Amino acid sequence: MGKSLLAHALVHRFVSTSAIARNAPCPCGSGRRYKDCHGALGNVATATVARSVAPPPTDASAGAAINAIDALLRQAEESFARGELAVAEATWQEVLSLDPGHPEALFHLGNRLRERGEHEAAIDYFERALERAPGHPGVLNNLGLALEARGDAQRAERCYREVLAAQPQHADALANLANVLSVREAFDETVAVYEKLFTIRRDLPAAVWIRRAMAQNRTQDIAGAIDSYREVARLDPDALQVYLHLGTLYIQQRSFAEADTALRRALELDPGNRYALSQLAHTRQQRCAWDGLAELFARLRQSLESEDANTEFPVLPFAILAMPLSPLAQLRAAQRWARTIAKGPLPPRPTVRRGPRERLRVAFVTANMHDHPTMHLSLEFWEKIDRARLEMFAYSLRRHDDNPFERRARTAFEHFADVSKEPAARIAQRIREDRIAILLDRNGYTLNGREDIFPLCPAPIQVNCIGFPGTMGAPWYDYIFTDRFTVPEHLRHFYSEQPLYMPHMAFPSDTTRLPAGPPPSRTACGLPDSGFVFCCFSNPPKILPDVFALWMRLLAAVPGSVLWLLGTSDEVMPNLRREAARAHIDPARLVFAPRVEVGEHVARNAAADLFLDTYPYGAHTTANDALLAGLPVLTCAGETMVSRIAGSQLEAIGLPELVAENFEQYEARALELASRPELLRSYRARLAANRATHPLFDMARYARDFEDAMERLWSDHAGNAPV
């Protein structure tokens, strides 16, 4: 959700006009009277009118002409103020009959033409006005608007900048320049221009505050964007979209209680709004605040499985991955979201020809070059790719901050580009110029992803790869990177992409993240010295009431046992303790682990006895963490991709018995493992032994499998491509 998720805000254009009294304050906010500011065209006209009348007049005739024109201008102003637009227009035309180059008449007639959509004619009138009033801010400003409307944004931008070069405090030009910059995705400069504008004026329309908020969001100034949207809510308390934006931004800021309030207000304004329903459910999952959650799930299930594909506010696909919804619901949510990104025919794919000795060019696009779960898994694999086979590129959507994950990635990739400040069209063009054959999207519909790049079709083959663990529902993705356990043949019809099957497992495993030496003791981890330790380090949205109730039954059945969870927030821990008490379990039997750096976190998994997976969104990186540390994982595989990835890893390490098919089997197996120490020890021993012989942690093999998959894709593409 790097960009604003609901970019439906109106663009407010600032027009210079004389539909006000000449002695009134100028609406540009300069503090001067209108006649001395934007209304000064009349003064320019008076000073130059004598030169435009032929034959050269006597002083008396010049004075009469000036008086006649002034009288007509006053009449036009009065007619315009009364709403008699046709009369005003005819009067300005009469001025031109006396003086064909009169700038004020040309200016106002240009405005009338622009308002009617006759932009070419309006441009002509404004340019003629500038011949007699060169550099006039009002004319330049409105010429810029007409040029924008015609599609000449570059020249429009030059007009606004010319105004600001002479008058840096010109509010109209600042606002319009900010709009142009926003459209071309120059968001840093957009925000800077808005800052100048808001120091001059704050009594601006809601649409301007919305534009500012959208730009702040794109520069990751989430707090600033929230403040701007709050002002919009003050100006327009019934603006539905504002509460949807606020809910989304509060979630990004992890202010979930505030998000809940904003989204409930959105549902008061539009009770069936699918986006608000999905985000409200997601917000409550983030807090483990489960009141009303079942009803929200039911409403979403009915909405998504219906045949109605058209909606102004579709469900955010990522949010519903952790909800008990069918793969059909996930597919339809993704398809409806994709329709909001690109409409109409897609551009043609580029033709990339590979020379006989040329390596295949493969690229990853990602915003996650930092301390992120997908980065925890990927670095060793990237480092082991054979550069004699593949020429690897990385396009980073995240601003460079020299963090250790990015430093390591920069070394792993032969070509690494920070494109975080570039607009989507420029990124796509760069990918085309780099002649990328296969482009892998490591974000999809996730935070800070750039979903607008891939509909531009910058590569012949485009792959949805790991970052979004579900179908994208979009025709611009050809393949989904997976394995045959995660997406078995009988479930392929729930994916818009063709499966690109890795032979063993889709997820890589960076084995270097496990520190050397013995694991920490139970005491060091804050665990009791004795008793069985069930563990789950998944994030709160994955912990749903049914799974938690099952866990509480296990604690009740295994005396002295504890459940070790990730301590994520001051809201989640008391909520889960309260749910434990409702299940008649001592809340002290929930032990919360603090967040620590990656290596320390992976190592501490070994202090537990059994990792209990969540459902339907199971553990992915966290399952890999546990298995890497030697901790057996028990999972339950359903029909959705997110429920099957832990099972894929267990298959790849030779422990398929730990994949349950339903909750009854899952609960019985967990109880058996907690009650039979020798059985659990046998699984730990197999896990340790299989590490050296099975593919899960063999990154050299994984890199060769990836290279083979890329070559296979290209061979199929080249064989089917027109000659």
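The values are calculated or read from the model by the stated rules, or taken from the named source; none is laboratory data. Quantities reported herein were computed from a predicted structural model and do not represent experimental measurements. Heads up, the Cβs are rebuilt from the backbone with ideal geometry, glycines too, and the neighbour counts pull from every protein chain shown. Side chains included, ligands, DNA and RNA excluded: accessible areas come from the protein's heavy atoms. Shrake-Rupley method; radii C 1.70, N 1.55, O 1.52, S 1.80 Å.
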Whole-Hz Karplus couplings 3J(HN,Hα) for the range 709-717, θ = phi - 60° and coefficients 6.51, -1.76, 1.60, Gly and Pro as x, run 5, 5, 5, 5, 4, 5, 4, 5, 5
To the nearest 10 degrees, the tilt of helix 103-115 (Cα long axis) against the first principal axis of the alpha carbons of the chain is 40 degrees
Label model pair residue 131, residue 704: point-to-point distance (7 angstrom along the Cα→beta-carbon line) in nm is 7.8 nm
Residue span residue 223 to residue 415: 0.36 nm per residue of separation minus Cα-Cα distance leaves a gain in nm of 65.7 nm
For residue 542, counting only aspartates and glutamates whose alpha-carbon sits under 14 Å away and dropping same-chain residues fewer than eight positions off, the answer is 613
Per the 1/(1 + (r/R0)^6) rule, R0 = 60 Å and r from the Cβ atoms of residue 166 and residue 679, FRET efficiency to 0.05 is 0.15
Once amide hydrogens are built 1.01 Å from N within the peptide plane, the residues lying 5 or more places from residue 636 or on another chain with amide H under 5 Å from its amide H are 660
In degrees rounded to 10, the 0-90 angle between helix 663-675 Cα long axis and the longest Cα principal axis of the chain is 50 degrees
Stretched fully, the stretch from residue 693 through residue 549 gains (0.36 nm per residue minus C-alpha distance, one decimal, in nm) 48.1 nm
Partner aspartates and glutamates whose C-alpha sits under 15 Å from that of residue 384, ignoring same-chain residues fewer than 8 away, are 414, 510, 698, 705, 707, 708
Karplus ³J(HN,Hα) for the range 436-443 (6.51 cos²θ - 1.76 cosθ + 1.60, θ = phi - 60°; Hz, whole; x = Gly/Pro) runs 6, 8, 10, 10, 10, 8, 9, 10
Between residue 230 and residue 64, the two model label points (7 Å from Cα along the beta-carbon direction) sit apart by a distance in nm of 6.7 nm
If amide H atoms are modeled at 1.01 Å from N in the peptide plane, then the residues at a separation of 5 or more from residue 564, or on another chain, having amide H under 5 Å from its own are 534, 535, 536, 591
Scalar couplings 3J(HN,Hα) for the range 578-595 by Karplus 6.51 cos²θ - 1.76 cosθ + 1.60 (θ = phi - 60°), nearest whole Hz, x for Gly and Pro, are 5, 5, 4, 4, 4, 8, 6, 10, 4, x, 5, 7, 9, 10, 10, 8, x, 6
Over the chain, with neighbouring protein chains present, the accessible area per residue in Å² at probe 1.4 Å is 40 Å²
Charge dipole of the range 463-554 built from unit charges on the beta carbon (Lys, Arg +1; Asp, Glu -1), centred at mean Cα; most positive-end Cα among 548, 491, 471 is 548
Restricting to aspartates and glutamates and to Cα separations under 15 Å from residue 196, and discarding same-chain partners fewer than 8 apart, the set is 172, 188
Options (i) 42, 31, 26; (ii) 62, 29, 21; (iii) 72, 30, 27 are given for semi-axes √(5λ) of the Cα gyration tensor in Å, and the computed one is (ii)
Whole-percent carbon and sulfur contribution to the accessible surface of the range 468-579 (1.4 Å, no ligands, DNA or RNA) stands at 56 percent
With Cα coordinates, the longest principal axis of the chain makes an angle with the long axis of helix 274-287, in degrees rounded to 10, of 50 degrees
Between residue 154 and residue 715, the two model label points (7 Å from Cα along the beta-carbon direction) sit apart by a distance in nm of 4.5 nm
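Computed FRET efficiency, Cβ-Cβ of residue 600 and residue 498, R0 30 Å: what is it to the nearest 0.05? It would help to have the intermediate numbers written out before the result.
Values: r = 40 Å, r/R0 = 1.34.
The calculated FRET efficiency here is 0.15.
Using a Förster distance of 30 Å, how high is the FRET efficiency between residue 199 and residue 383, based on the Cβ-Cβ distance and rounded to 0.05? Mind showing how you got there, number by number?
Working: r = 49 Å, r/R0 = 1.63.
After rounding to 0.05, the efficiency reads 0.05.
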Interchain or sequence-distant (5+) residues whose placed amide H lies within less than 5 Å of the amide H of residue 498 are 479, 480
Counting every C-alpha pair in the range 522-661, the percent lying more than 24 Å apart is 26 percent
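Return the loop-located trypsin sites (Lys or Arg not before Pro) in the range 538-616 (DSSP other than H, G, I, E, B) with at most 16 other Cβ atoms within 10 Å of their own Cβ; answer none if there are none.
Details: sites: 542, 553, 577, 578, 582, 589, 595, 604; in loops: 595.
Loop-located and lightly packed - 595.
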The answer for trypsin sites (Lys or Arg not before Pro) in the range 324-401 that fall in a DSSP coil and have at most 14 neighbouring Cβ atoms within 10 Å is 343, 353, 354, 357, 387, 399
